[in-house]
Structures are given as C-alpha cells and as structure tokens.
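Please read the structure below before turning to the comments.
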Amino acid sequence: MGKGAVGFRLNVIFGDDMVLQRDVPVPVWGEAPAGETVEVSLDGVSAGARADEAGRWKIELPAGPAGGPYTLKARCGAAELRCERVWRGEVWLAGGQSNMEMTLTGSDNGDAAVRESLDPRLHFYHPAKAATVEEVEEIEGGGGHPRWHVSGPDTAGDLSAVAYYAGRTLTSRLPDVHVGLLVCCWGGTYAHCWMPEEELRTFPEGIRCVEEFDARVGGKSDREFLREQAAYQRELDIWNGRVAARRAAEPDVSREVLEKDCGPYPWPPPMGRRGFQYPGNLYRSMLSRMAPYAIRGFWYYQGETDEEWPERYRALLEHLIYRWRKDWGGEEKPFLLVQLPMYISKAEHAAGDSMRWPVLREAQADAAGSIPGVEMVVTADCGEFDNVHPTDKRTPGTRLGLLALESVYRLPVTGRPPVCVDARREDGAVVLRFDRVGGGLYLAGEGLGFRLAGADGVFRDASAHVTAPDTVRVTAGGIDVPTAVSYARYSFGQAQLYGGTGLAAAPLEIVF
C-alpha cells in the first residue's frame with residue numbers, strides 16, 4: 001500500500017491480498033482531512049465521499065461477482081493509496097475463544113498440515129490482539145499493523161486450525177472462488193467480552209455480568225491492574241519457555257508429562273477494567289474495528305469459560321448474535337455455531353459431574369433451533385478427558401465448512417447433523433425418530449449414552465437399537481412407563497449415534 005497525505009488512510013483491514021465479499025455492496029472507510037473528498041475505485045468502478053468534521057469517510061462500492069486480482073485505489077487530492085492483489089470472493093468472520101484460537105501448528109498432525117497448507121485461494125486476517133483501544137493504537141503506532149496473508153507453509157502455522165479446515169473445505173468445493181477469513185478470538189473469554197456494555201445492559205443476564213465483574217475489580221486502579229498484569233505475563237512467559245524447551249527435547253511429549261514437568265498453565269489472569277475478560281473490552285478493541293467489512297456470515301466456537309454461569313448463556317448468546325448481525329448489517333446473516341464437545345476435569349469427575357456443559361450445549365442447540373439463520377455443528381463425539389483444548393481440530397473445522405456449503409451455498413453435501421423430530425412411548429420403550437439421517441442411522445458402539453427415567457424421575461442406563469433408517473428404540477430394565485429419555489447428556493461420556501454421512505447426532509433430553 002502506498003503512502004498518502006498526512007491524515008489520509010484506509011482502515012487497517014484494507015490491504016494487499018485481501019478478499020472482498022462478492023455479490024454485495026462493499027463498504028470502504030478510513031480517515032482524511034476534514035472536508036476533503038476521497039475517491040475509491042476497483043475494477044473500473046469508483047465512488048466518492050467527503051470526510052466529515054472528525055475526518056471520517058466511508059463509501060460503498062457496488063456489488064460484483066467473484067474475480068480478481070484487482071487493484072483497489074483510494075485518492076485524496078494528489079495522494080493515492082493502493083491495495084494490490086485484491087479479490088472478490090467469500091468472507092467469513094471466525095470468532096470465539098481458545099478452541100477457535102488454537103493454531104494449526106498446535107493441533108493434531110500440525111506440522112504435516114502446515115507443510116500441505118499451500119492454497120492460493122485461502123486468505124486470512126487477524127486484528128491486533130489487544131484488550132483496549134489504547135493498546136491497539138500503541139501496536140499500530142509502533143508499526144504493528146495487521147495484514148492479510150495467503151495460506152502456505154510460511155503463514156498457515158499461526159492460523160486458527162478450525163478456521164483453516166473450514167476454509168479449506170470451502171475452497172475445495174467453490175472452484176475459482178477466493179475465501180477470506182477474519183479471525184477474531186482470544187482464549188479464556190466469556191461471551192460478554194464480545195459485546196458492548198450498552199448491549200449487555202439491555203437484558204438481566206448481561207447486567208449481572210457487568211455488575212459482578214465490577215464487584216470483582218472493586219476499587220483496584222488501572223495502575224494496580226497493569227502491575228499485576230505485567231507480573232502475570234512474566235510468569236506466563238517463564239512457563240511458555242519451559243514448555244518450549246521440553247517440547248524441543250521431546251516433540252511428542254504428552255500433555256500429562258508437560259504438566260508434570262512444567263507445572264499447570266498459569267490461571268486465572270488478574271482482573272481489571274483494562275483486562276481482556278472485562279465485559280465489552282474485546283468488542284471495542286478487536287471486533288468492532290472490523291465492522292462493517294462485508295462478510296458472508298459468522299463462525300463461532302465459544303462457551304467454555306461461560307461454564308461459570310451456564311444458565312445465562314442462552315440469553316448472552318442470543319444478544320451476541322443480534323449485536324454482531326446489527327454491526328454487519330444483516331438481521332439473518334448466517335451464524336454457524338460449534339456446539340461444545342465432551343469435557344470434564346479430573347477434579348470434577350472425582351467430585352461428580354456438575355452438569356454445566358450439558359446446559360451450555362442445550363443453550364447452543366436452542367439458539368440454533370429457534371433463531372432464524374443460526375445453525376450448529378455437533379461435536380458430541382469429540383473432546384478429551386481433562387483437556388478443555390482437544391487437539392483434533394480437523395473434525396470440527398471440516399464439519400463447519402460442510403455446514404456452510406449445505407446451509408448457505410446450497411451445495412449437494414450433507415453438513416447438517418441428524419436431529420430428533422419425534423419421540424413417543426411404545427410398549428415400555430421410547431421410540432425416537434430423526435431427520436437428516438443421510439444413508440441411515442447407525443450406532444458406532446453398543447448404544448451407550450442412552451438413558452431412561454421412570455416414575456421416580458431417576459435416569460438409568462438404557463439399551464438402544466436402530467430399528468429403521470431413521471428410528472432408534474430405547475429400553476431399560478425395570479422401567480415400564482418411561483417419563484423421560486436422554487442421549488449423551490453429561491459433561492463427558494459416550495456419544496455413538498451417527499447419520500449415514502458420519503455426522504454425529506446432538507445430545508438430547510425429552511420429558512414426557
């Protein structure tokens with residue numbers, strides 16, 4: 001990108017190798033001296049706007065089909081800015097916390113995946129990772145401008161593994177179309193981190209999040225927090241150094257051995273009003289700075305940290321979806337969720353399942369079942385015991401891409417998982433009927449994961465059998481009149497029911 005006059009600039013999200021959303025008008029915005037006219041052109045089409053009193057300008061380029069490479073030019077007086085190798089294609093925003101953030105290098109078979117990552121049609125962009133707008137300005141003022149990258153062995157290692165596999169699934173089925181990924185995630189974040197405080201204050205659950213975090217911070221000053229944060233970062237750097245050295249000595253060392261030799265991951269971080277977990281901070285510093293860059297839709301993998309208050313998650317998720325869609329100008333813009341996989345810690349397993357993760361999964365399933373344009377990837381057959389960061393990211397990423405191909409692009413693939421559409425009691429059994437079963441339902445094991453409750457309301461392990469391509473019959477000894485049925489409804493356990501396409505069915509509980 002060329003240099004322009006003082007004060008004339010494009011928003012940092014615009015740069016070489018970027019992908020603009022095809023078939024929709026494309027907003028372009030930035031800064032210029034107040035009152036000056038800016039003209040932006042792409043592929044022979046141009047549009048102009050005058051900078052307002054604050055020096056902000058925004059124009060909208062008309063819609064265009066997939067194609068490129070183009071040069072995007074922005075002019076203000078004699079100054080010109082250029083973005084080279086610009087494409088029109090498909091753009092998705094991938095958001096969430098650590099399981100969306102986990103890099104391709106850190107996932108299963110990561111080194112091999114990186115070696116095979118060359119894909120000239122897959123582009124990605126990470127905003128500056130900072131908890132406050134002030135930190136972002138420091139990063140960008142010091143020359144740390146984020147930029148677009150094209151997938152390849154020199155770049156893909158630091159890309160979100162889930163987003164990478166989803167993106168590769170799209171490029172494999174959308175010939176001649178470039179795919180751009182805006183990757184905006186941070187490990188250990190709550191849903192409330194990704195909404196502005198004014199949105200959180202519009203509903204009771206959001207208000208409680210703000211008030212409780214204010215209470216946790218108490219009278220701590222920003223200066224005190226920054227001292228705590230610096231000390232925490234030093235501790236984290238030391239821990240990361242120990243882990244890096246241990247892995248250098250033994251690349252295949254297990255997670256259990258790493259924890260034994262290097263100690264547990266330093267957690268939790270200090271709490272403060274300038275911290276990354278504080279309500280609304282990351283929305284302001286990272287997410288909102290990319291809006292309203294034209295996108296097709298959203299991929300979202302988050303919820304683990306919200307196990308602290310799972311009963312609030314349904315409301316938080318609905319408001320997050322609403323706000324993101326509002327910021328990107330689409331009331332029903334596709335929003336594809338990754339439902340949480342199986343997980344329980346050793347300590348909780350020993351003490352007894354608190355059942356917080358099933359509540360989170362049900363909140364996600366309810367959002368997908370009741371909010372138009374929201375769909376869900378099921379990962380009930382994924383996850384690791386005592387590891388909240390399962391390293392298999394190919395499975396959720398590929399399923400996310402397949403879901404997009406079916407639900408958004410209407411291609412003849414199966415991306416939607418089997419879903420229970422009817423449950424009835426019959427001769428002491430419960431008969432479950434499913435839709436979207438592909439070639440037919442099957443149980444990968446002995447039907448483990450099904451339970452029935454009788455008149456006392458106590459769930460007991462049950463037997464399950466596929467009796468028709470779309471039907472499962474569930475029975476349990478001693479229960480003649482079932483009052484409820486469940487499948488895979490626990491934090492961690494077996495989930496063996498699949499459709500003929502290999503997609504897992506979601507956990508469920510039905511009360512009669």
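The values are calculated or read from the model by the stated rules, or taken from the named source; none is laboratory data. A quick note: this is a predicted structure, and the numbers were derived from the prediction, not measured. Note that each Cβ is placed from the backbone with ideal geometry, even for glycine, and that neighbours are counted across all protein chains shown.
Descriptive notes on the structure:
- Residue selection: CYS184 fails the criterion of being in a helix (DSSP H, G or I), among the hydrophobic types (A, V, I, L, M, F, W, C) and touching a residue at least 60 places away in the same chain (Cβ under 8 Å).
- Residues of region 278-293 satisfying the condition of being under 26 Å from ARG208 (Cβ atoms) and of a type in the set (Lys, Arg): ARG284
- Residue check: PHE225 meets all listed conditions (1) among the aromatic types (Phe, Trp, Tyr); (2) over 30 Å from ARG325 (Cα atoms); (3) out of contact with any Gly (no Cβ under 6 Å at 6 or more places or on another chain) but one, namely (3).
- The residue of region 126-146 that is farthest from the chain's Cα centre (by Cα), among those that are part of a helix (DSSP H, G or I) and more than 14 Å from ASN11 (Cα to Cα), is GLU138.
- Filtered by the rule that a residue be among the aromatic types (Phe, Trp, Tyr), surrounded by fewer than 18 Cβ atoms within 10 Å (Cβ to Cβ) and in a helix (DSSP H, G or I), region 238-297 gives a lone residue, TRP239.
- Single residue of region 306-344 satisfying the filter (closer than 18 Å to GLN277 by Cβ and in contact with a Cys (Cβ under 9 Å, 6 or more places away or on another chain)) that is surrounded by the most Cβ atoms within 10 Å (Cβ to Cβ): LEU316
- Condition check for ARG216: of a type in the set (Lys, Arg), assigned to a helix (DSSP H, G or I) and either under 19 Å from the mean Cα position of the chain (by Cα) or at pLDDT below 95 (or both): no
- Where a residue in region 433-461 is closer than 14 Å to TYR487 by Cβ and its partner, wherever it lies, is among the charged types (D, E, K, R) and in a loop (DSSP other than H, G, I, E, B), with Cβ under 6 Å and at least six apart: ARG433/ASP470; PHE434/ASP470
- Verdict on PRO418 being within 25 Å of VAL511 (Cβ to Cβ), in contact with a Pro (Cβ under 8 Å, 6 or more places away or on another chain) and either crowded, with 17+ Cβ neighbours inside 10 Å or touching a residue at least 60 places away in the same chain (Cβ under 8 Å) (or both): no
- On the stretch given as region 345-362, residues that are surrounded by fewer than 18 Cβ atoms within 10 Å (Cβ to Cβ) and either under 18 Å from the mean Cα position of the chain (by Cα) or small (Gly, Ala, Ser) (or both) total 6.
- Among the residues making up region 368-387, a single one is surrounded by fewer than 20 Cβ atoms within 10 Å (Cβ to Cβ) and of a type in the set (A, V, I, L, M): ILE371.
- Within region 478-512, being aliphatic (A, V, I, L, M) and within 24 Å of the chain's Cα centre (by Cα) holds for ALA488, ALA495, LEU503, ALA504, ALA505, ALA506, LEU508.
- Answer from GLY440, GLY454 - the residue that is surrounded by fewer than 18 Cβ atoms within 10 Å (Cβ to Cβ), modelled with pLDDT of 95 or more and over 13 Å from GLY499 (Cβ atoms): GLY454
- Scope region 363-402; condition without any contact (Cβ under 8 Å) to a residue 24 or more places away in the chain and under 17 Å from the mean Cα position of the chain (by Cα); matching residues: THR395
- Counting only strands (runs of 3 or more DSSP E) that sit wholly inside region 1-109, those with at least 2 residues that are in contact (Cβ under 8 Å) with a residue 12 or more places away in the chain and closer than 26 Å to GLY397 by Cα are 19-21, 79-96.
- If you filter region 313-335 down to residues that are acidic (Asp, Glu) and in a helix (DSSP H, G or I), you find that the one that is nearest to ARG289 (Cα to Cα) is ASP327.
- Between HIS149, HIS123, the distinction of being modelled with pLDDT of 95 or more, surrounded by fewer than 22 Cβ atoms within 10 Å (Cβ to Cβ), within 20 Å of the chain's Cα centre (by Cα) and part of a strand (DSSP E or B) belongs to HIS149 only.
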